[in-house]
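Reviewing the structure listed below.
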Amino acid sequence: MKTFYCSLLLLIAFSGFAQNKDLNPISWSFDSNQVGPDDYELIYKANFKSPWVVYSMYTGDDGPVPTSITYTSKNVNVIGDAKEKGKRVEKMDEMFGVNVIKYEADEVYVIKQKVKITDISKPVSGYVTFMTCNNEICLPPKDVPFSFTFKVNGLQSDDRKNATKKLKIKQF
């Protein structure tokens, strides 16, 4: 009887572990490109495998939670709408009963947002909120934090600030 209960306990533990392996099916990475003196393109990439999907920033509010980007820093101003790239599918979703826009896993889901940085010496921080589903379940919306620091002329933002101070001293 003791062996039976031990076996049952192990079976439950291993089945729980097997079910939890895909509770984080989406991994995010972040990058930036300077496109003007104070303008940057912030890049958000979601990597995931089929059958998982990620919902577009531009899907309606009647179904799944749309992907969104929230900036918590005060030194950033958004320029225009974000651009999305990936394997885009727009169709009626049986799970939600509404038309949705989603991205499938055959390509990396990429969001590009142009921004103006008002104080380059400070990082731009915030979080991406997204929801993901597969053929059977949806995971609750999740926030993934990000923080961008910037280089100008090969210098990290803190180094640039110090270099600017040194230049001003030399000019006097």
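The values are calculated or read from the model by the stated rules, or taken from the named source; none is laboratory data. What you see is a predicted model, and the numbers here were worked out from it, not measured in a lab. Backbone-built Cβ (ideal geometry, glycine too); neighbour counts: all protein chains shown.
Among residues belonging to the stretch 85-95 that are exposed (fewer than 13 other Cβ atoms within 10 Å of the Cβ) and in a strand (DSSP E or B), point out the one that is farthest from the chain's Cα centre (by Cα). That would be M92.
In the stretch 9-35, of all residues being modelled with pLDDT of 95 or more and outside any strand (DSSP E or B), the one that is nearest to N77 (Cα to Cα) corresponds to V35.
Against the test of being buried (at least 18 other Cβ atoms within 10 Å of the Cβ), part of a strand (DSSP E or B) and either of a type outside the set (A, V, I, L, M, F, W, C) or in contact with a strand residue (DSSP E or B) (Cβ under 7 Å, 6 or more places away or on another chain) (or both), the options Y103, Y127 yield a single qualifying residue, Y103. Of all residues in the stretch 37-55, those that are part of a loop (DSSP other than H, G, I, E, B) and either without any contact (Cβ under 8 Å) to a residue 24 or more places away in the chain or farther than 26 Å from T149 by Cα (or both) total 5. In the set (1) crowded, with 16+ Cβ neighbours inside 10 Å; (2) modelled with pLDDT of 95 or more, P141 fails one condition alone, (1). The set of residues in the stretch 105-127 that are of a type in the set (S, T, N, Q) and under 13 Å from D38 (Cβ atoms) comprises T118, S121.
The residues of the stretch 53-70 that are over 15 Å from the mean Cα position of the chain (by Cα) and either among the small types (G, A, S) or crowded, with 21+ Cβ neighbours inside 10 Å (or both), listed by number, are T59, G60, G63, P64. For the stretch 115-123, the condition holds for no residue, the condition being that it is closer than 15 Å to K45 by Cα, assigned to a strand (DSSP E or B) and in contact (Cβ under 8 Å) with a residue 12 or more places away in the chain. Every residue in the stretch 72-84 that is surrounded by 14 or more Cβ atoms within 10 Å (Cβ to Cβ) and closer than 19 Å to T129 by Cα, please. Hits for the stretch 72-84 are S73, V76, A82, E84.
Within the stretch 118-134, the set of residues being of a type outside the set (D, E, K, R) and touching a Ser or Thr at 6+ places or on another chain (Cβ under 9 Å) comprises I120, S121, P123, V124, S125, G126, Y127, V128, T129, F130, M131, N134.
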